[in-house]
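Structure first, then comments.
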Amino acid sequence: MSETAVMPRGDAVAEMVDGMVRTDGRNRRAAETRRKIIEAAKIMIAETSEAPTVVGVARRADVSVRSVFQHFRDVQSLFVTVVDSVRADLVIPAATSSSRPLEARVDTVARNLAQLYDKVVPLKVAAGQFATHPGLIERGRDARLQARESTFETFAPEFAMLDGAAREELADAIGSALSLDAWIVLRRRDGLSFERAVAVWKRTLTALLSQDLPGAKA
């Protein structure tokens with residue numbers, strides 16, 4: 001392909017650097033507009049726990065409604081992009097070492113999950129109207145599988161005491177008890193403080209991991 005064929009047209013300005021076309025002004029402006037739209041939506045969701053309208057996002061981002069639709073075909077695709085952006089910003093703690101005392105592992109797991117979930121509660125609540133969106137369903141499933149794998153790793157000694165069926169049941173119980181939905185119930189419905197909600201999770205997790213479990217190996 002010739003150099004002319006890849007050069008930008010119109011009001012775009014580019015220059016060749018080491019044989020590559022540097023991103024032109026038009027592309028930079030488009031990228032900045034997209035960034036502003038996503039950031040505006042993120043802020044609005046954090047403030048209201050509601051999915052914003054395209055008109056509202058355009059006003060908050062100080063762009064036209066047309067600009068929003070140039071980057072996102074509908075409010076659903078914008079919301080999924082916001083979800084991905086929020087997930088990219090999160091720092092996911094590494095799995096806690098299974099060699100630590102059980103009490104320490106329980107405390108770390110409960111607290112790490114709580115801190116993580118507190119940041120995404122508004123997004124989860126706002127996602128309610130898009131609950132059947134395939135993209136959100138897929139992302140939710142991936143997050144649950146990641147949490148489940150971390151549970152197996154962190155509590156490997158406790159799981160090692162169980163047979164196959166009991167292992168799966170315990171993992172299901174922990175996943176349900178320490179889910180994002182369960183955290184929303186504690187924080188939003190019941191109005192518990194962060195520390196009180198963490199204490200509830202620690203007590204629940206400790207009870208689930210007790211050694212008198214059905215299916216324990218002889």
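Key figures for this structure:
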item: Mean Cβ neighbour count within 10 Å, used as a protection proxy, ranking 168-176, 35-43, 138-146 highest first; result: 35-43, 168-176, 138-146
item: Gain in span if fully extended, residue 99 to residue 145, counting 0.36 nm per residue against the direct Cα distance; result: 14.3 nm
item: Residues whose placed amide H lies under 5 Å from that of residue 162, excluding near-sequence neighbours; result: 217
item: Å³ per residue enclosed by the Cα convex hull of the chain; result: 189
item: 3J(HN,Hα) from dihedral phi, the range 98-108, Karplus parametrisation 6.51/-1.76/1.60, rounded to Hz, x for glycine, proline; result: 6, 7, 6, x, 4, 4, 5, 5, 4, 4, 5
item: Count, lysine Cα pairs under 26 Å in the chain, 8 or more residues apart or across chains; result: 7
item: Net dipole in debye of the chain [+1 Lys, Arg Cβ; -1 Asp, Glu Cβ; about Cα centre; nearest 20]; result: 620
item: Base-10 log of normalised Debye intensity for the range 90-208 (one unit scatterer per alpha-carbon) at q = 0.11, 0.16, 0.20 Å⁻¹; result: -0.38, -0.79, -1.19
item: Two-site label geometry, residue 138 and residue 54: point separation in nm, points 7 Å out along Cα→Cβ; result: 2.2
item: The chain: most fluctuating residue of 56, 135, 164 per GNM, C-alpha cutoff 10 Å; result: 164
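Readers should treat all values here as calculations from the given coordinates under stated rules, not as data from a laboratory. From a predicted model like this one, the values you see are computed outputs, not experimental measurements. With ideal geometry, Cβ positions are generated from the backbone for all residues, glycine too; neighbour counts draw on all protein chains shown.
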